[in-house]
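**Student:** To start, I am sharing the structure in question, which I have written as structure tokens.
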Amino acid sequence: MTEPKKDVIRETDAEAVRLAKALIRSARFGALAAIEPDTGAPLASRVGVATDIDGAPLILISMLSAHTGALLADPRCSLLLGEPGKGDPLAHPRISLACRALRLERGSADQIRAERRYLNRNPKAKLYAGLGDFSFFRLEPERASLNGGFGKAFLLDRDDFITGAALVEEFAGSEQAALDHMNADHRDALALYARHFGRAEGDGWIATGFDPDGMDLAAPDATCRIFFPQSLQTARELRSVLVEMAKAGRAAEQER
């Protein structure tokens, strides 16, 4: 008799969902796999990454690139996210998203928002974002495979890591003003968030995105995902949450 095959997939829990969101939101780059139209073979390439307000990945790619033509011919693709650290690269968490690529029409509300958020995260991309042969694509996730390390495999549905659409437009209307205000007047608070809540080192932190679940911070060579104590129900709650987090961070540091 043969032994029954062991199911290596764990039940998705809150910790797995949080890790998945952190990997997606904090990614600076990813490995994009598309389907080569002439051969049907997988075609992988490294791409810069940001996220839309709801957490869907955003990429900026040239029409001259082979993977762009592949996505236009067949939008099915996958995106692998997660940066290896010291030691065994396979011991570090990563997530693979099964997506459908949607090219955003230049000048549309979705494209304008995607460009704003992408350039907040990847400011050097301003050098070529406006060129006619570059386009923004939104990768619509359908499901995900999360590897949290040895023996920690999960299968996630879209709703596990994508924020509902109801709040997207509300955040879109006020997000940039909030980012500009924090980056101009409260860099000390941003450093505190990174240090206390993100356990991040270094200086020069700026805010690159706000969404109902948390905030994204970036330094010259690093990113940091900070989750709010509770998901926001309206964009108006953002200011009070930021104030309370700053108070909590300062109080904790004073107690050390």
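**Student:** Whether any residue in region 209-217 is surrounded by fewer than 17 Cβ atoms within 10 Å (Cβ to Cβ) and assigned to a loop (DSSP other than H, G, I, E, B) is what I want to check.
**Tutor:** The answer is no; no qualifying residue exists.
**Student:** Would you please name the residue that is most open to solvent (accessible area, probe 1.4 Å), looking only at residues in region 37-60 that are part of a strand (DSSP E or B) and over 17 Å from Asn122 (Cβ atoms)?
**Tutor:** Applying the filter and picking the extreme gives Pro42.
**Student:** From Ala189, Ala200, grab the single residue that is surrounded by 15 or more Cβ atoms within 10 Å (Cβ to Cβ), assigned to a loop (DSSP other than H, G, I, E, B) and in contact with a helix residue (DSSP H, G or I) (Cβ under 6 Å, 6 or more places away or on another chain).
**Tutor:** Testing whether each residue is surrounded by 15 or more Cβ atoms within 10 Å (Cβ to Cβ), assigned to a loop (DSSP other than H, G, I, E, B) and in contact with a helix residue (DSSP H, G or I) (Cβ under 6 Å, 6 or more places away or on another chain) leaves just Ala200.
**Student:** Output the number of the condition that Glu253 fails; it satisfies all remaining conditions of (1) under 17 Å from Ile53 (Cα atoms); (2) surrounded by fewer than 20 Cβ atoms within 10 Å (Cβ to Cβ).
**Tutor:** Glu253 satisfies all of (1) under 17 Å from Ile53 (Cα atoms); (2) surrounded by fewer than 20 Cβ atoms within 10 Å (Cβ to Cβ) except (1).
**Student:** Counting only residues that are open to solvent by 20 Å² or more (accessible area, probe 1.4 Å) and not charged (D, E, K, R), which one in region 174-186 is nearest to Glu244 (Cα to Cα)?
**Tutor:** Across region 174-186, the extreme among qualifying residues is His186.
**Student:** So, in region 218-256, how many residues would count as being of a type in the set (Lys, Arg), modelled with pLDDT of 95 or more and not in a helix (DSSP H, G or I)?
**Tutor:** 1
**Student:** A further question on this structure: Would you please list the contacts, defined by Cβ atoms under 8 Å and residues six or more apart or on different chains, that run from a residue in region 124-142 that is of a type in the set (Gly, Ala, Ser) to a residue that is in a strand (DSSP E or B) and open to solvent by 40 Å² or more (accessible area, probe 1.4 Å)?
**Tutor:** Within 8 Å, the pairs are Ser135/Arg103.
**Student:** In addition: So, in region 1-36, of the ones that are at pLDDT below 95 and under 19 Å from Ala98 (Cβ atoms), which residue ends up most open to solvent (accessible area, probe 1.4 Å)?
**Tutor:** Among those that are at pLDDT below 95 and under 19 Å from Ala98 (Cβ atoms), it is Arg10.
**Student:** If you don't mind, another one. Could you please find all residues in region 170-213 being more than 18 Å from the chain's Cα centre (by Cα) and of a type in the set (Asp, Glu)?
**Tutor:** Of everything in region 170-213, those that are more than 18 Å from the chain's Cα centre (by Cα) and of a type in the set (Asp, Glu) turn out to be Glu170, Asp180, Asp185, Asp188, Glu201, Asp203.
**Student:** Something else now. With (1) of a type in the set (Ser, Thr, Tyr); (2) under 20 Å from Phe228 (Cα atoms); (3) out of contact with any Pro (no Cβ under 9 Å at 6 or more places or on another chain) as the list, and Thr51 as the residue in question, which single condition is left unmet?
**Tutor:** If we test Thr51 against (1) of a type in the set (Ser, Thr, Tyr); (2) under 20 Å from Phe228 (Cα atoms); (3) out of contact with any Pro (no Cβ under 9 Å at 6 or more places or on another chain), just (3) comes out false.
**Student:** With respect to Ala91, determine if the residue is farther than 29 Å from Asp133 by Cβ and touching a residue at least 40 places away in the same chain (Cβ under 8 Å).
**Tutor:** Spelling it out, Ala91 is indeed farther than 29 Å from Asp133 by Cβ and touching a residue at least 40 places away in the same chain (Cβ under 8 Å).
The values are calculated or read from the model by the stated rules, or taken from the named source; none is laboratory data. Keep in mind that what you see is a predicted model, and the values were worked out from it rather than measured. So basically every Cβ, Gly included, is an ideal-geometry build from the backbone, and we count neighbours across all protein chains shown. When the accessible area is computed, the model is the full protein with side chains, heavy atoms only, and any ligands, DNA or RNA have been set aside. Shrake-Rupley method; radii C 1.70, N 1.55, O 1.52, S 1.80 Å.
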